[in-house]
2 protein chains.
Amino acid sequence: MLRTHTCGELNISNLGQTVTLCGWVQKSRDLGGTTFIDVRDRYGLTQLVLNIDTDETLRETGKSLGREFVIMVTGKVIERTSKNLKMATGEIEIAVENLEVLNSSKVPPFMIEDETDGGEELRAKYRYLDLRRNPIRNNLMLRHKMAQEIRKFLDSRNFIEVETPVLIKSTPEGARDFVVPSRMNPGEFYALPQSPQTFKQLLMVSGFDRYFQIVKCFRDEDLRADRQPEFTQIDCELSFITQEDILNIFEGLTRHLFKTVKHIDLASFPRMQYADAMRLYGSDKPDIRFGMEFVELNDILKGKGFSIFDNAELIVGINAKGCAEYTRKQIDELTEWLKRPQIGATGLIYCRYGADGTLKSSVDKFYGEDDLTNLAAAFSAEPGDLILVLAGQTDKVRKQLNELRLEMGTRLGLRDKNAFAPLWVLDFPLLEWDEETSRYHAMHHPFTSPKPEDIAMLDTDPGAVRANAYDLVINGTEIGGGSIRIHDRALQSLMFKHLGFSPEEAQKQFGFLMDAFEYGAPPHGGIAFGFDRLCSIFAGLDSIRDVIAFPKNNSGRDVMIDSPSTIAEAQLNELKIKTTVQG
Amino acid sequence: MLRTHTCGELNISNLGQTVTLCGWVQKSRDLGGTTFIDVRDRYGLTQLVLNIDTDETLRETGKSLGREFVIMVTGKVIERTSKNLKMATGEIEIAVENLEVLNSSKVPPFMIEDETDGGEELRAKYRYLDLRRNPIRNNLMLRHKMAQEIRKFLDSRNFIEVETPVLIKSTPEGARDFVVPSRMNPGEFYALPQSPQTFKQLLMVSGFDRYFQIVKCFRDEDLRADRQPEFTQIDCELSFITQEDILNIFEGLTRHLFKTVKHIDLASFPRMQYADAMRLYGSDKPDIRFGMEFVELNDILKGKGFSIFDNAELIVGINAKGCAEYTRKQIDELTEWLKRPQIGATGLIYCRYGADGTLKSSVDKFYGEDDLTNLAAAFSAEPGDLILVLAGQTDKVRKQLNELRLEMGTRLGLRDKNAFAPLWVLDFPLLEWDEETSRYHAMHHPFTSPKPEDIAMLDTDPGAVRANAYDLVINGTEIGGGSIRIHDRALQSLMFKHLGFSPEEAQKQFGFLMDAFEYGAPPHGGIAFGFDRLCSIFAGLDSIRDVIAFPKNNSGRDVMIDSPSTIAEAQLNELKIKTTVQG
């Protein structure tokens, strides 16, 4: 090794030792003829000192060092006169006896500090410099630790990690595939997996019993802040189990991670029916760090002559506790916020429960004191509260009120990043109607099993059929989801039929899986966690971007390496493809 | 769980317990009114018994079970009358009290036994059934265990696993890339990584200090038995180290794996110069499980009037110990074998050292007894030995003799699959001349550092420049390779110049890396192991195919899922590409 120690480990017990360190110049300052240099590596920071006792040439070298120069330095560990007890190495410094510049550095385009002055684009272009900053590196070290703990936990529960292929087959179901032209099979394409779903099910047919994989998956979707074209999944599948077993094992995994990585003991996770989640929170991934549950108000507010309410399918509200003092202007702003196209509410009705006990609403013309008292009672409201009410078509109004609830939760400081509220959401619908294509889509995926007691409804009322499907939600973010799978050819065929596949199409696309079901497929089920998202929650980040070493931007570009890029004509010719983009 | 125990864990200590097992019917036989059924899962095999004491309907069900039916069975653990002490569960059986068929099975297309009757193609199509066989599943469990141990070892040495991107940029150096058209950036393509080389170097620039990743890599090459278009690499990189540190750490990893996975203590690994490996074994990956080293014979055999030898650049031979009894026919066969186009030798000269002490050669016309005595002495040959000699152009004749040496090693039983002979091969040439393109290619890759003392020769004698590059070889198979890298922009530019890049091309393709070198790049180096190959060596297999769950065939096809395949016109249109294959 070029070094005897790292920059994070020397302390008072090393006094008098001659050591060699390697690292980057974090900063350098001259104080009355003495030069102090902070040298940094992954492990920490150590102070070097060059003073009157140091060789003259060496002092000149020391003074000449720029930020981010890479140095190798040898010297004696001495006690500092002014100690910094906040630093692990803060009681010592190194009296430099030798100093070699291993590499120089241009002035970096932004500060390599915990708080940097670099803008997002600049940091993306120089990602390798941004990765030098402690917060980003710590995220990736956290990610490494989480992956290690996940593997340790699952290995101890008899799960085997099996690598499934990356070059697979394009299928019409689900999101858009990335495809890869095959040179050896001209005119044909591989696809990159959106998940190893069918392969893990085949491993169950093979008797692997318990499978997992921490694996890259790919979706060619338009990107948002929290989406990447390539993302990582903790993918798991088990045989001879029930839903209850899966919930227990993966609640165990999640608690193990919180315990070992964040030293937090989580209580056992509450469970909620999908239908209840929609009714009480207007979302299949409620943030239950705070209450502010929906109260449905049709019984109380309909039939009083207010046509908006009278014509609404659903009238529903929340109680923003302690917000009675909101000014008219604040409420107007909130109304405008709700009317933005992303949310699309048409209006907001409120009822103020004054500190003096008076109730005042924005629709006093239609509702008397009794009505408002009933309204307040429905929320168990108290003086100082502000009741916010929306009305309209059920699905839409629930979505809108969900946004409002989250916004009010944020404003009221109820969404603490250091508090963790996990939740199982259960009994998702099997199918959801898609207006655009006028057909049912699988809500989870086509391999999810309907609840046995609901199978009969598949023909009569497909939308009402519930699935043995479950999501793990933490702080309002979906962290994982899974289901008990179909393991019977006939039922799988029936599913494909309901999803609009002809028998021929189903056989062409998924014949290998349905064939496999005829050779002794065991009952099985599984779950997949979004590893990037789980890491971002552990790191207290809003976006997954900074738990990924080299993320892509919203156009799917890696601006550092400048990819994607054009390729040589010869490559296209070998692949027997051409682009149809006009030069 | 549907079961209380697995099929591999019940023994005499469970006598009298009522248990429930789930698994596959391995076999079923009737003996005088008693039905014995072996039920199998990943963990083992347990015998079920249905006899005169069993409920009549249940006995009928038991008799009706076909091979590979999936059953759930409840019963009491009883002692067997005739025990099978070779099986973990061989002292007990289950007196069946309840039996449920969870799924039936068609008759499988081949036997699900350790030795199967299925041909390769059939097994590939029904890979999910082939994976049920113990030997294949055991390979994948071995692979899982190896991956766990690799991660444990590297984590304990401060390596951080960082995921690098799969959608990267196509580069002209190295093998052919798989490419992925970008929908969001029409006319542009991502490439799948042949290795995360540049990213791991950037992580070193970022100060990650020690990185590793077990990662899928991709090469669009024509396939051989031991190549797959996607393969897995143990990819590692370290900063502030010397070659010696890398050899020590990864020798440590390899020994740790042999110790924990195979319970074998390996002695410290011998090291050999590349030049010596070529001279003594004609290969940069010598199999040193056996000696049979080359002896160069120019001094002894030239100038005696035998024109083939007199005109040859190199005369070189091996001593096949104990083969003096080879018949003329056997030697002729060997000669024919050597003349096949794959090897391309022009002839084989031999000298027999008879048991009676006489020396007899195929070129007695030109060589007298003294010459032959000198020849025998050069090999320290003894009575009973057979000296085999080839002559020709140095590189070619070494390759040919390497093939002959390996063949003779195999024939003599010197290549025991349960013996492991690791070897470091050091000091590879930096560049190799490519006749086809009339230019130098990087022998390892363009980021490998020349030895500092050889840099001056880059301009005068590029082919003689040695690299700080090393390979780990086990039993004649290259398991891993790496190098100390260039970390200086000027030297990296010089390398690209020698590889025929214009400065513009170099900047366009690898500008991000060379730019990074200007911001404080530390000295660094690394290594990558072929994980599939390492697993196959541990499993005692010749091919990597059966340490991969879902391998592709020699045309790059997955015959099980029938991939690659054509994709929809709409997909091509969205990607703005079309195929030029004639319908």
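At-a-glance table
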{"quantity": "Test: residue in region B:128-150 that is touching a Phe, Trp or Tyr at 6+ places or on another chain (Cβ under 7 Å) and closer than 30 Å to A:TYR128 by Cβ", "calculated": "no"}
{"quantity": "Which listed residue is touching a helix residue (DSSP H, G or I) at 6+ places or on another chain (Cβ under 6 Å) and at pLDDT 95 or above, from B:GLU91, B:GLU100", "calculated": "B:GLU91"}
{"quantity": "Residue among A:ASP385, A:ASP395, A:ASP434 that alone is farther than 19 Å from A:GLU293 by Cα and among the acidic types (Asp, Glu)", "calculated": "A:ASP434"}
{"quantity": "Flag for A:THR448 being among the polar types (S, T, N, Q) and crowded, with 16+ Cβ neighbours inside 10 Å", "calculated": "yes"}
{"quantity": "Filtered residues of region B:6-26 (kept if open to solvent by less than 40 Å² (accessible area, probe 1.4 Å) and either in a strand (DSSP E or B) or free of Cβ contacts under 8 Å to residues at least 40 places away in the same chain (or both))", "calculated": "B:THR6, B:VAL19, B:THR20, B:LEU21, B:CYS22, B:GLY23, B:TRP24, B:VAL25, B:GLN26"}
{"quantity": "Options B:PHE110, B:PHE153: the member that is in a helix (DSSP H, G or I) and either under 26 Å from A:SER156 (Cα atoms) or in contact with a helix residue (DSSP H, G or I) (Cβ under 8 Å, 6 or more places away or on another chain) (or both)", "calculated": "B:PHE153"}
{"quantity": "Qualifying residue in region B:385-405 (condition: in a helix (DSSP H, G or I), in contact with a helix residue (DSSP H, G or I) (Cβ under 6 Å, 6 or more places away or on another chain) and free of Cβ contacts under 8 Å to residues at least 12 places away in the same chain)", "calculated": "no"}
{"quantity": "Selection within region B:75-89 - outside any strand (DSSP E or B) and either in contact with a Leu (Cβ under 8 Å, 6 or more places away or on another chain) or under 13 Å from B:PHE36 (Cβ atoms) (or both)", "calculated": "B:ARG80, B:THR81, B:SER82, B:ASN84, B:MET87, B:THR89"}
{"quantity": "Evaluation of A:GLY526 against (1) within 14 Å of chain B (Cβ to nearest Cβ); (2) crowded, with 23+ Cβ neighbours inside 10 Å (one fails), failing number", "calculated": "(1)"}
{"quantity": "Conditions (1) aliphatic (A, V, I, L, M); (2) open to solvent by 40 Å² or more (accessible area, probe 1.4 Å); (3) more than 22 Å from B:LYS396 (Cβ to Cβ): number failed by B:ALA324", "calculated": "(2)"}
{"quantity": "Of residues in region B:553-567 being polar (S, T, N, Q) and more than 20 Å from the chain's Cα centre (by Cα), the one nearest to the other protein chains (Cβ to nearest Cβ)", "calculated": "B:SER563"}
{"quantity": "Residue that is nearest to B:LEU491 (Cα to Cα) [pool: residues in region B:433-445 that are of a type in the set (D, E, K, R) and in a strand (DSSP E or B)]", "calculated": "B:ARG439"}
{"quantity": "Number of the exception - A:THR171 against (1) in contact (Cβ under 8 Å) with a residue 40 or more places away in the chain; (2) within 7 Å of chain B (Cβ to nearest Cβ)", "calculated": "(2)"}
{"quantity": "Where A:LEU122 falls short, out of the listed (1) open to solvent by less than 20 Å² (accessible area, probe 1.4 Å); (2) farther than 30 Å from A:GLN201 by Cβ; (3) more than 10 Å from chain B (Cβ to nearest Cβ)", "calculated": "(1)"}
{"quantity": "Residue tally, condition outside any helix (DSSP H, G or I) and surrounded by fewer than 13 Cβ atoms within 10 Å (Cβ to Cβ), over region A:357-384", "calculated": "6"}
{"quantity": "All positions within region B:529-559 that are open to solvent by 10 Å² or more (accessible area, probe 1.4 Å) and among the polar types (S, T, N, Q)", "calculated": "B:SER543, B:ASN553, B:ASN554, B:SER555"}
{"quantity": "Residues of region B:210-237 classified as within 30 Å of A:PHE69 (Cα to Cα) and either more than 9 Å from every other protein chain (Cβ to nearest Cβ) or open to solvent by less than 20 Å² (accessible area, probe 1.4 Å) (or both), total", "calculated": "6"}
{"quantity": "Candidate set from region A:128-138 (those that are open to solvent by less than 20 Å² (accessible area, probe 1.4 Å) and either in a helix (DSSP H, G or I) or at pLDDT below 95 (or both)); member that is nearest to B:PHE199 (Cα to Cα)", "calculated": "A:TYR128"}
{"quantity": "Any hit, region B:474-483, residues being within 14 Å of another protein chain (Cβ to nearest Cβ), charged (D, E, K, R) and either under 26 Å from the mean Cα position of the chain (by Cα) or open to solvent by 20 Å² or more (accessible area, probe 1.4 Å) (or both)", "calculated": "no"}
{"quantity": "Single residue of region A:27-74 satisfying the filter (part of a strand (DSSP E or B) and within 11 Å of chain B (Cβ to nearest Cβ)) that is surrounded by the fewest Cβ atoms within 10 Å (Cβ to Cβ)", "calculated": "A:MET72"}
{"quantity": "Single unsatisfied condition, B:VAL180 versus (1) facing chain A (nearest Cβ under 7 Å); (2) among the hydrophobic types (A, V, I, L, M, F, W, C); (3) in a helix (DSSP H, G or I)", "calculated": "(3)"}
{"quantity": "Where A:GLY174 falls short, out of the listed (1) open to solvent by 10 Å² or more (accessible area, probe 1.4 Å); (2) at pLDDT 95 or above; (3) in a loop (DSSP other than H, G, I, E, B); (4) not hydrophobic (A, V, I, L, M, F, W, C)", "calculated": "(2)"}
{"quantity": "Filter result for the condition that a residue is among the hydroxyl-bearing types (Ser, Thr, Tyr) and within 30 Å of B:GLN201 (Cβ to Cβ), over A:SER483, A:SER555", "calculated": "A:SER555"}
{"quantity": "Per-region count, region A:505-518, residues at pLDDT 95 or above and open to solvent by 20 Å² or more (accessible area, probe 1.4 Å)", "calculated": "3"}
{"quantity": "Selection within region A:15-26 - more than 16 Å from A:MET1 (Cα to Cα) and at the interface with chain B (Cβ under 9 Å from one of its Cβ atoms)", "calculated": "A:TRP24, A:VAL25"}
{"quantity": "Residue tally, condition at the interface with another protein chain (Cβ under 7 Å from one of its Cβ atoms), small (Gly, Ala, Ser) and touching a strand residue (DSSP E or B) at 6+ places or on another chain (Cβ under 8 Å), over region A:190-209", "calculated": "1"}
{"quantity": "Leading residue by the ranking (nearest to the other protein chains (Cβ to nearest Cβ)) among those in region A:569-579 that are open to solvent by less than 50 Å² (accessible area, probe 1.4 Å) and out of contact with any Pro (no Cβ under 6 Å at 6 or more places or on another chain)", "calculated": "A:THR579"}
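Residues are listed down the side, and each one gets a yes or a no for (1) at pLDDT 95 or above; (2) closer than 22 Å to A:GLN400 by Cβ:
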| residue | (1), (2) |
| --- | --- |
| A:ASP265 | yes, no |
| A:GLN273 | yes, yes |
| A:ARG279 | yes, yes |
| A:ASP284 | yes, yes |
| A:GLY291 | yes, yes |
| A:ASP310 | yes, yes |
| A:ILE318 | yes, yes |
| A:GLU325 | no, no |
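The values are calculated or read from the model by the stated rules, or taken from the named source; none is laboratory data. Keep in mind that this is a model prediction, so the values were computed, not measured. Using ideal geometry, Cβ is built from the backbone for each residue, glycine included, and neighbour counts are taken over all protein chains shown. Please note that ligands, DNA and RNA were not included when accessible areas were found on the heavy atoms of the full protein model with its side chains. Shrake-Rupley method; radii C 1.70, N 1.55, O 1.52, S 1.80 Å.
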